[in-house]
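Okay, structure first, notes after.
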Amino acid sequence: MSLADFFTPILTQDFCSGTDFYNSQFGKIIQAYEVSFPDLEDVEKKPHIALVGVEEERASSNNGGVKKSPNAVRKHFYNLYQGDYDVRIADLGNIQAGATIQDTYIALKTVVEELVKQDILPIIIGGGQDLTYAQYTGYEGLEQRVEVAIIDARFDLDQDHVENTPLNSNTYLNHIILHQPDYLFNLSNLAYQTYLVSKESINMYDKLFFSTMRIGMMAGKLDQAEPLIRAADMVSFDVGAIRASEAPGNANANPNGLYGDEACQLARYAGMSDKCSSIGFYEYNPIFDPMGHTGSLVAQMIWCFIDGFYNRKNDTPVIPKSAYIIYRTTLENDDYELIFVKSKKSDRWWMQVPYFGSRSVNERYYWVPCRYEDYQQAVGGDMPDLWWKTHQKLQ
């Protein structure tokens, strides 16, 4: 079965704000599925990134209308200008809602899996955030552990009924956490608002050694969130994490949340991550966006992700040591030392966490993205929280 079988074509002229696109606008550059499906195998033409629209809204809680978001975002994105780099992007068109919602999930799962296998990064434009589950299951056949970053004002988790919970945009995390086989290594929830999250859910995250960062911790110091995003293989962005004054196009919008420029910066962090191999933008509802401001913001977030992607440093610690500055520190009353490295290319930090127990001789430690503050904490004699959580998951 060809990937083309999952998609319906689009008409790029519908997205043009004038009579035709200018040479450096995305609308002129993108290989779009209008008549023929983009060639994903030709080495010279193979895209680095693929846009994937998903016209599904049946499990989006209280936000009917999100199925119209892919084309609404394209109307803004196609008119943006590319940065100063050679762009190779394909627009595969839209996955229409299947006969059942499970059909849609299977279609998106298959598309994500095949694109990631081909080293093509899918940018998913949903649709409800329940599609994050299908995005996640796309990694099942890749035989790797997966780290997930969710940018959302809430934890989409049913704490009262953990098992046998219907899958929707408020409960999809239950299905990710309980999914078998279990290949989830870490789950990070960023920009959450404490008054929208139960203390039981926060306690559950702590017990599972997952990571969280509330919106207040990010205010004025957005770079604190960068290591958590850098660690993720996949990112899911709920437009509802952005405050209503900046992004009204969501039935569940809140008065507080991220500013538009902060949302763009988080998207750029994801693009710059060497690990990130898929990202989804969900819960944008054009019905609540008559002026198109939210659609324009989502398009700019995608632009920032692409800009980050084409500015990747490829400096995850697997290359020669000469590319790093190595720092070592010993904690009080401990027999082993903590090792940190800082990239000379990007000034980004990683922390080495060793495996204990029966692990492959070829895999003796894990490099976890961290902050300079984690190194300072270790120098002060305290064990960084991130080291301990990572160590517990490696056992």
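Only Cα pairs under 8 Å and 6+ residues apart enter the sum, and on that basis the relative contact order of the chain stands at 14 percent.
Among the cysteines of the chain, those with no neighbouring cysteine Cβ under 4.7 Å are Cys16, Cys276, Cys370. Distance between the C-alpha centres of the stretch 84-124 and the stretch 1-67: 10 Å, rounded to the whole angstrom. Summed over the residues of the stretch 1-118 and divided among them, the accessible surface reaches 48 Å² per residue at a probe radius of 1.4 Å.
By the helix-only formula, in which each DSSP H run with n ≥ 4 contributes -39500 (n - 2.57) and the sum is divided by residues, the chain has a 222 nm mean residue ellipticity of -8000 deg cm²/dmol.
Computed from phi, the 3J(HN,Hα) profile of the stretch 138-150 under the Karplus parametrisation 6.51, -1.76, 1.60 (θ = phi - 60°) reads x, 8, 4, x, 8, 6, 8, 6, 10, 10, 10, 10, 10 Hz, with x in place of Gly and Pro. Remark on the chain: ratio of C-alpha radius of gyration to 2.2 N^0.38 Å is 0.98. Highest mean first, the peptides 175-185, 253-263 sorted by other C-beta atoms within 10 Å per residue fall in the order 253-263, 175-185. Working note: Karplus 6.51/-1.76/1.60 with θ = phi - 60° gives the stretch 118-124 the couplings 8, 6, 10, 8, x, 9, 8 Hz, where Gly and Pro are set to x. Overall, the accessible surface of the stretch 33-166 at a probe of 1.4 angstrom is composed of carbon and sulfur to the extent of 43 percent.
Taken along the Cα-to-beta-carbon direction at a fixed 7 Å, the label points for Gln13 and Ser198 span 5.4 nm. A Förster radius of 51 Å combined with the Cβ-Cβ distance from Glu34 to Val379 puts the calculated FRET efficiency at roughly 0.35. Net charge of the neighbourhood of Gln82, taken over other residues with C-beta under 10 Å away and scored Lys/Arg +1, Asp/Glu -1, is -2. Oblate is the label for the stretch 185-325, because a/c, from the alpha-carbon gyration tensor with a ≥ b ≥ c as root eigenvalues, is 1.5 or above and a/b does not exceed b/c. Projected label points at Asp119 and Ser322, each 7 Å from Cα along the beta carbon direction, are separated by 2.4 nanometres.
The values are calculated or read from the model by the stated rules, or taken from the named source; none is laboratory data. Values in this document were obtained by computation on a predicted structure and should not be read as measured data. As a convention, Cβ positions derive from the backbone with ideal geometry for all residues, glycine included, and neighbour counts pool all protein chains shown. With ligands, DNA and RNA removed, areas are computed over all heavy atoms of the protein, side chains included. Shrake-Rupley method; radii C 1.70, N 1.55, O 1.52, S 1.80 Å.
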